[in-house]
Amino acid sequence: MSDFSTQKSVCARKKHTCSECAGDIRPGDRYMLLSGAQDGQGYSFKRCAQCHHAFVWLDLTLRLGPYGLAPDEGIEFGALHSELAEYASESRFSDPEPLRHLLGMAERREASQKTQEAA
């Protein structure tokens, strides 16, 4: 049970790492800051704009489609990649949208790793 939660769009003042794709959020980039407390434990997650777009798309798709996601159900923090992969597999890869989002996540993660190796 959630004690409280907040979600807001923020402009980065310093470099952060996306909690979903592990890509860089650079100064000046907009990202979603999700924070709160659940069962007495605090949490804070940062989701880059691209991952947030993928999250919103998947959440709406699961709620409005034949899956009928219940109002109290949702995609867990840090599970966007696996949820997109599962949706792509269940739809027999007929929908290119989850694949596009998965590719973007992989590209951002790889670019972040290359940046870290170069430093």
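A residue that is of a type in the set (D, E) and either under 25 Å from F4 (Cα atoms) or in contact with a Lys or Arg (Cβ under 8 Å, 6 or more places away or on another chain) (or both) occurs somewhere in region 77-100.
Let's see how each residue does on (1) hydroxyl-bearing (S, T, Y); (2) under 15 Å from I25 (Cα atoms):
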site	(1), (2)
I75	no, no
A79	no, no
L84	no, no
S91	yes, no
S94	yes, no
P98	no, no
H101	no, no
T115	yes, yes
A119	no, no
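Please work out if D24 is at pLDDT below 95 and among the acidic types (D, E). In short, no.
The values are calculated or read from the model by the stated rules, or taken from the named source; none is laboratory data. Owing to the predicted nature of the structure, the values given are computational and were not obtained by experimental measurement. Glycine gets a Cβ as well: all are built from the backbone with ideal geometry, and neighbour counts include every protein chain shown.
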